[in-house]
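Here's the structure we're looking at; comments come further down.
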Amino acid sequence: MLNSLGDNYNLFVHELRKHLHAKGKAITGAVYPVSVRPNISKAALQAFDFLNIMIYNATGLWNINDPGPHAPYEFAERSIDFWEYTQGISRDKLVFGFPFYGYNFDPAIATAVIYRSIVEENTIHAYSGNVDLLYYDGIPDVVEKTQLALARTN
């Protein structure tokens, strides 16, 4: 949709905000962790009531030779810094997006795996962040990032 809106995206966001607010509704957007598409203005970003930061996919199956966590803690920190300091978005507008899936980097079976399947295989996996070449956020990762979110967005 963004590509089809082209240069009209910023106008679209402001018009949508006006109409949603008139009905007592909020406008939100999902954004990349550490980048903004070039045709999105800072004014359009400020028009959102909340920005949902997709803090995942630092790596993935498109980069099979770089196995590892696709949503590491440091990536979350950089994402917050980018949106707060580089883009000037107020902390109270930032919402973390957590991945509830993992990537299995085993070349023989490279695939995305939902969290439920990972834990159903063995409940102990809930307390880890990887099994062999399968990487995901386990409970300790989610707790650590939740603490970061609470500390940095309040």
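The values are calculated or read from the model by the stated rules, or taken from the named source; none is laboratory data. These numbers come from a predicted model, not from an experiment. Methodologically, a virtual Cβ is constructed for each residue, glycine included, from the backbone with ideal geometry; neighbour enumeration extends over all protein chains shown. The area values use the complete protein model at the heavy-atom level, side chains included, leaving out ligands, DNA and RNA. Shrake-Rupley method; radii C 1.70, N 1.55, O 1.52, S 1.80 Å.
Observations on the model:
- Among the residues of segment 29-45, those identified as assigned to a loop (DSSP other than H, G, I, E, B) and of a type outside the set (Phe, Trp, Tyr) are PRO33, VAL34, SER35, VAL36, ARG37, PRO38, ASN39, ILE40, SER41.
- In this structure, ALA71 does not satisfy being small (Gly, Ala, Ser) and part of a strand (DSSP E or B).
- Residue in segment 102-117 that is open to solvent by 40 Å² or more (accessible area, probe 1.4 Å), closer than 15 Å to LEU45 by Cα, polar (S, T, N, Q) and free of Cβ contacts under 8 Å to residues at least 24 places away in the same chain present: no
- Residues in segment 44-71 that are under 21 Å from LEU150 (Cα atoms), open to solvent by 10 Å² or more (accessible area, probe 1.4 Å) and touching a Phe, Trp or Tyr at 6+ places or on another chain (Cβ under 9 Å): ASN52, MET54, TYR56.
- Condition broken by GLU74, with the remaining ones in (1) closer than 21 Å to LEU94 by Cα; (2) at pLDDT below 95; (3) open to solvent by 80 Å² or more (accessible area, probe 1.4 Å); (4) of a type outside the set (Lys, Arg) satisfied: (2)
- Within segment 1-43, being surrounded by 10 or more Cβ atoms within 10 Å (Cβ to Cβ), of a type in the set (D, E, K, R) and modelled with pLDDT under 90 holds for one residue alone: ARG37.
- Selection status of ARG116, of a type in the set (Lys, Arg) and either within 17 Å of TYR32 (Cα to Cα) or not in a helix (DSSP H, G or I) (or both): no
- Residue pairs whose Cβ atoms lie under 8 Å apart, separated by 6 or more positions or on different chains, with the first residue in segment 127-154 and under 20 Å from ARG91 (Cβ atoms) and the second among the aliphatic types (A, V, I, L, M) and open to solvent by 40 Å² or more (accessible area, probe 1.4 Å), are THR153/VAL95.
- If you go through segment 79-96 and keep only what is within 24 Å of VAL143 (Cβ to Cβ) and surrounded by fewer than 16 Cβ atoms within 10 Å (Cβ to Cβ), you end up with ASP81, ARG91, ASP92, VAL95.
- Some residue of segment 49-64 being part of a helix (DSSP H, G or I) and in contact (Cβ under 8 Å) with a residue 60 or more places away in the chain: no
- In segment 75-101, the residues that are under 12 Å from PRO33 (Cβ atoms) reach residues that are open to solvent by 60 Å² or more (accessible area, probe 1.4 Å) and part of a helix (DSSP H, G or I) with C-beta atoms within less than 7 angstrom, at least six apart or across chains, in these pairs: GLN87/LYS42.
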